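Trainee: First, the structure itself, so that you have it in front of you.
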Amino acid sequence: MKDSQNFMTLVASCLRSKGCVALPIKKQAAGDLMSTPAVTVTPEARMRDMAELFTQRRINRAPVTDKEGRLVGIVTRGDLIRATLQGARP
């Protein structure tokens, strides 16, 4: 995770700076990059279950969908960590 954070920091810095040599951005579509099948959770999903899912699937975020499959939000590892540190129980 540290390497990806460093890479994203470098990319962000290059995009903001006119003096930085940045790698060319590929012209790939989201469909070429996305993971399938999509891993989603429901609004009722428990923190413990989401943490286990993130670990098992090696993902850092998941869309939250309602009973009709509509997107209602997104939950991240950071969200779980913050909620745990604020005293929510998994």
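Trainee: Every residue in the stretch 73-90 that is part of a loop (DSSP other than H, G, I, E, B) and exposed (fewer than 11 other Cβ atoms within 10 Å of the Cβ), please. Break it down stepwise before answering.
Mentor: Pass one, the stretch 73-90, residues part of a loop (DSSP other than H, G, I, E, B): 86-90.
Correct list: 86, 87, 88, 89.
Trainee: Then there is this: I need a count of the residues in the stretch 4-61 that are among the β-branched types (Val, Ile, Thr), within 22 Å of residue 79 (Cβ to Cβ) and modelled with pLDDT of 75 or more.
Mentor: Pass one, the stretch 4-61, residues among the β-branched types (Val, Ile, Thr): 9, 11, 21, 25, 36, 39-42, 55, 59.
Going one step further and asking which of them are within 22 Å of residue 79 (Cβ to Cβ), we end up with 9, 39-42, 55, 59.
Checking the rest, the ones that are also modelled with pLDDT of 75 or more come to 39-42, 55, 59.
Qualifying residue count, the stretch 4-61: 6.
Trainee: Considering every residue within the stretch 56-72, establish whether at least one is in a helix (DSSP H, G or I) and free of Cβ contacts under 8 Å to residues at least 40 places away in the same chain.
Mentor: Yes, there is a match, as at least one residue in the stretch 56-72 is in a helix (DSSP H, G or I) and free of Cβ contacts under 8 Å to residues at least 40 places away in the same chain.
The values are calculated or read from the model by the stated rules, or taken from the named source; none is laboratory data. Just so we're clear, the structure is a prediction, and the values are computed from it rather than from any experiment. Positions of Cβ are generated from backbone atoms using ideal geometry, with glycine treated the same way; all protein chains shown enter the neighbour counts.
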